[in-house]
Amino acid sequence: MSTLLTRALDKRANVWSQMQEIQSSAETEGRDALTAEEREKWDRAEAELTELSQDIERMERAARLDTVQRDQAVITTGGGEDAEGRGEIDHNAAYRDAFGRYVRHGMGGLDHDQRALMMSNQAEVRAGATSPGTAGGYFIPTETLNKITETMKAYGGLLGAANVITTGSGNPLNWPTNDDTANVGAILAENAQVTEQDVTLGQKTLGAYTYTSKLVRLSLQLVQDDVFGVEAWLTRKLGERIGRAVAAHLATGTGSSQPEGLFTNATAGKTGAAGQVTSVIYDDLIDLQHSIDVAYRDGAQWAMSDAALKVVRKLKDGQGRPLWEPSVQAGTASTLLGAPVLIDNGIPAPAASAKSIGYGNINAAYVVRQVAGGQMMRLDERYADYLQVGFLGFLRMDAKPDDASAFRVYAHPAS
């Protein structure tokens, strides 16, 4: 953990303690409200707490990306005592080196072995048919692709909590579903015939939508000089673009020509009373928690946008204690009523008829299918007269709710 992150966590814990002391002082003196001075101190502390929480989230995202960078360094330089292990490491390093040269110089800048290596790892691209690597792009190295995946998680927290399945191709993926919770066994009397109770099976299918970063143009001089590791920087930028699109769909995608979002058709475990178009009360959150069967509460968590968290953070229990508990440890989520809070700004903000807060076991409730091998294309000729090179990245994936009983949402009233 970085020293800066540690200091920020300690400072947030200290600010939180000051806020609790202000509240405790009013309770000890038996007052029904804070004094003007206490309100001023509270508002100032709350603003600082919000800023610190946002800084901590940024630093934790950076730490996750830094872990990917360090993992890449290990693959490049470490391990591999046995011949088989060294062979795998050498292959990864060789492909990564070939890919870097491809980004900077194109296929013409590769030697024979590097070209063969790139072609041997070319990906299948589905757009009604398959295309050769020269038309469809080339696999992004695993370690570099991890940067894209981490960036997508940073932009959309639901991806990190969902059940992610990685497949080698994009063929439709079918799997059976069953809800047998309403059926129970029975006591069998002596000499009585056993009654029948069939099991009803359903089926769901995951496809593979192609997400693209759109086209990015870079000057030929910048690409060839490579003064700052252009392939690492470029893949991260492409990942950010893809991540923003994916995050919105994982939360509220329609399911028509795009993934179906977790919140789109989720069952309302609690609907707010009339007038609560942008608010939620303590009792509503309790009801939402208990709308989930206890079997799913192991691993359950809250999911909401930062706008919804701002509303929730102002809620207090019967003793006037805030329901939200800020984390004081890096990598540990803040909690609400004992469960961790996942922030994803793809989730709707509090508004009339919106589903702004979710609760449940997201891993059981939502499945994401990723096709292995994100790809990048380099366009040499299209912008040659500008001395520019075009790049675009694409990644294939789909997602949809799996076990609907594992997740419920809080729905605001229409008015």
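The values are calculated or read from the model by the stated rules, or taken from the named source; none is laboratory data. Since the model is a prediction, treat every value here as computed from it, not as a measurement. Counting neighbours? That spans all protein chains shown, and the Cβs are built from the backbone with ideal geometry, glycine included.
Residue 261 passes all but one of (1) under 30 Å from residue 377 (Cβ atoms); (2) surrounded by fewer than 19 Cβ atoms within 10 Å (Cβ to Cβ); which number fails?
Status for residue 261: all satisfied but (2).
Looking at (1) surrounded by fewer than 19 Cβ atoms within 10 Å (Cβ to Cβ); (2) in contact with a Ser or Thr (Cβ under 9 Å, 6 or more places away or on another chain), which is the only condition residue 253 fails?
(1)
Evaluate region 347-359: report whether one residue or more is of a type outside the set (Val, Ile, Thr), closer than 30 Å to residue 170 by Cβ, in a loop (DSSP other than H, G, I, E, B) and touching a residue at least 24 places away in the same chain (Cβ under 8 Å).
yes
Identify, please: which residue in region 285-339 is within 21 Å of the chain's Cα centre (by Cα) and of a type in the set (Phe, Trp, Tyr) and is, among those, farthest from residue 404 (Cα to Cα)?
Looking at the filtered set, the residue picked out is 302.
Just the residues that are of a type in the set (A, V, I, L, M), in a loop (DSSP other than H, G, I, E, B) and either crowded, with 16+ Cβ neighbours inside 10 Å or out of contact with any Ser or Thr (no Cβ under 6 Å at 6 or more places or on another chain) (or both), please, taken from region 368-415. Break it down stepwise before answering.
Keep residues of region 368-415 that are of a type in the set (A, V, I, L, M), which gives 368, 371-372, 376-377, 379, 384, 387, 389, 392, 395, 397, 399, 404, 406, 409, 411, 414.
With in a loop (DSSP other than H, G, I, E, B) added as a condition, the list becomes 372, 387, 414.
387, the sole residue that qualifies.
Restricting the search to region 278-302, which residues are buried (at least 19 other Cβ atoms within 10 Å of the Cβ) and without any contact (Cβ under 8 Å) to a residue 60 or more places away in the chain?
302
Can you tell me which of 306, 344 is in contact (Cβ under 8 Å) with a residue 24 or more places away in the chain, buried (at least 19 other Cβ atoms within 10 Å of the Cβ) and among the acidic types (Asp, Glu)?
Going through 306, 344 in turn, the sole match is 344.
Out of all the residues in region 35-48, is one or more at pLDDT 80 or above, outside any helix (DSSP H, G or I) and of a type outside the set (A, V, I, L, M)? Walk me through it before giving the result.
Initially, region 35-48 is screened for residues at pLDDT 80 or above, giving 35-48.
Still in the running and outside any helix (DSSP H, G or I): 35.
So of that shortlist, the ones also of a type outside the set (A, V, I, L, M) come out as 35.
Among the residues of region 35-48, at least one is at pLDDT 80 or above, outside any helix (DSSP H, G or I) and of a type outside the set (A, V, I, L, M), which makes the answer yes.
For a quick check of your reading of the model, give me the residue pairs whose first member lies in region 33-55 and is farther than 21 Å from residue 326 by Cα, whose second is among the charged types (D, E, K, R), with beta-carbon atoms closer than 7 Å and at least 6 apart or on different chains.
none
Just to be sure I understand the filter: pairs with C-beta atoms under 8 Å, separated by 6 or more residues or on different chains, first member in region 235-262 and at positive phi, second member in a loop (DSSP other than H, G, I, E, B). Which pairs pass?
Filtered contacts from region 235-262: 255/261; 255/264; 255/265.
With respect to residue 246, is the statement that it is more than 30 Å from residue 390 (Cβ to Cβ) and either among the acidic types (Asp, Glu) or surrounded by 18 or more Cβ atoms within 10 Å (Cβ to Cβ) (or both) true?
When the stated conditions are applied, residue 246 does not pass them.
Yes or no, residue by residue, for (1) modelled with pLDDT of 85 or more; (2) farther than 29 Å from residue 27 by Cβ:
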residue: 317; (1), (2): no, no
residue: 334; (1), (2): yes, no
residue: 341; (1), (2): yes, no
residue: 353; (1), (2): yes, yes
